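The values are calculated or read from the model by the stated rules, or taken from the named source; none is laboratory data. Here the structure is a predicted model, which is why all the values come from computation and not from measurement. Neighbour counts are summed over all protein chains in view; Cβ atoms, including those assigned to glycine, are modelled from backbone coordinates with ideal geometry.
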Amino acid sequence: MPEIIYLNRFRDSEIYSNNVQETFDVILMDIMMPVMDGLTASKKIRAMERPDAKTIPIIAMTANAFKEDAERCIIAGMNANLAKPLEIDKIISAIHENLI
């Protein structure tokens, strides 16, 4: 069973940075977080000096469903973009596609 972290507050990203490498298999990143948005948080994770920061799948979860929004997520280092309201089948599919 994959270990998943859902980040919906910036300080939640400390959970990722304070755990040993390979603790989590995927990050579900809320784009509209207080203090720091998910795009910036994703860039910060990708810039961390740990090997898994470059490879851990980051999946955006956002109310913004336009093509430009998805492109911004990819540019920020995310692997996929899911529009809200979320559908469990799409979440599972995105996780599966990004773990293989």
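So here's what we get for this one:
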{"item": "Residues (hydrophobic (A, V, I, L, M, F, W, C) and part of a helix (DSSP H, G or I)) located in segment 36-53", "result": "Leu39, Ala41, Ile45, Ala53"}
{"item": "Selection count, segment 64-100, where residues are among the small types (Gly, Ala, Ser), surrounded by 12 or more Cβ atoms within 10 Å (Cβ to Cβ) and part of a loop (DSSP other than H, G, I, E, B)", "result": "2"}
{"item": "Residue that is modelled with the lowest pLDDT [pool: residues in segment 43-58 that are of a type in the set (Val, Ile, Thr) and closer than 11 Å to Ala76 by Cα]", "result": "Ile45"}
{"item": "Residues being at pLDDT below 70 and outside any helix (DSSP H, G or I) - total across segment 1-35", "result": "12"}
{"item": "Among residues of segment 54-63, those that are farther than 16 Å from Glu97 by Cα and not in a loop (DSSP other than H, G, I, E, B), counted", "result": "2"}
